[in-house]
């Protein structure tokens, strides 16, 4: 079995101790950086490991989705969108249950889809729909219907 890559290191993320827990943030990388996360009472090693495992799941999923859709996203872009999905998902779960867990089903949740959609609009401008559809594992036609349903 292969070792999970250190996605946080690749992204330039820092997990640091704070007086009552730990936090995570990205080094300034332009539009790649969401606001970071705060995990009261968490341990650095546990948070780092959990985030990397979740990133591994997300990166593999989104890589498969874009390959299936024949859309080109770089490895860095897939890591960026994965981080935007993984961090807030784990942060919410930690706040509610003190669990640092992430499941493949989390990638199909509305929150994850919204983050993919927002990332694609910001990153690809007028051409966002094909990328968002691919990340959301939808056809372009299905994405347009989804978009109409949510934006009216």
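For the structure I just gave you, tell me whether residue 23 is surrounded by 12 or more Cβ atoms within 10 Å (Cβ to Cβ) and at positive phi. In short, no.
Report whether or not residue 141 is surrounded by fewer than 18 Cβ atoms within 10 Å (Cβ to Cβ), more than 26 Å from residue 21 (Cα to Cα) and out of contact with any helix residue (DSSP H, G or I) (no Cβ under 9 Å at 6 or more places or on another chain).
Details: surrounded by fewer than 18 Cβ atoms within 10 Å (Cβ to Cβ): yes; more than 26 Å from residue 21 (Cα to Cα): yes; out of contact with any helix residue (DSSP H, G or I) (no Cβ under 9 Å at 6 or more places or on another chain): no.
So residue 141 fails the test.
The set of residues from segment 40-75 being part of a helix (DSSP H, G or I), loosely packed, with under 13 Cβ neighbours inside 10 Å and at pLDDT 95 or above comprises 64, 67, 68, 75.
Please enumerate the residues belonging to segment 89-99 that are over 9 Å from residue 112 (Cα atoms) and crowded, with 16+ Cβ neighbours inside 10 Å. Please lay out each step first, then the result.
Of all residues in segment 89-99, those over 9 Å from residue 112 (Cα atoms) come to 90-99.
Correct list: 90, 91, 93, 94.
For segment 121-142, a residue qualifies if it is assigned to a helix (DSSP H, G or I) and in contact (Cβ under 8 Å) with a residue 12 or more places away in the chain, and the qualifying residues are 122, 123, 129, 130, 131, 132, 133, 134, 135. Applying the selection to segment 100-122, what residues are under 27 Å from residue 72 (Cβ atoms) and surrounded by 17 or more Cβ atoms within 10 Å (Cβ to Cβ)? Result: 102, 106, 107, 112, 113, 115, 116, 117, 119, 120. Of all residues in segment 4-26, those that are modelled with pLDDT under 85 and closer than 17 Å to residue 86 by Cα total 2.
The values are calculated or read from the model by the stated rules, or taken from the named source; none is laboratory data. Computed from a predicted structure; not experimentally measured. Because the Cβ atoms are built from the backbone with ideal geometry, glycine has one as well, and the counts that use them run over all protein chains shown.
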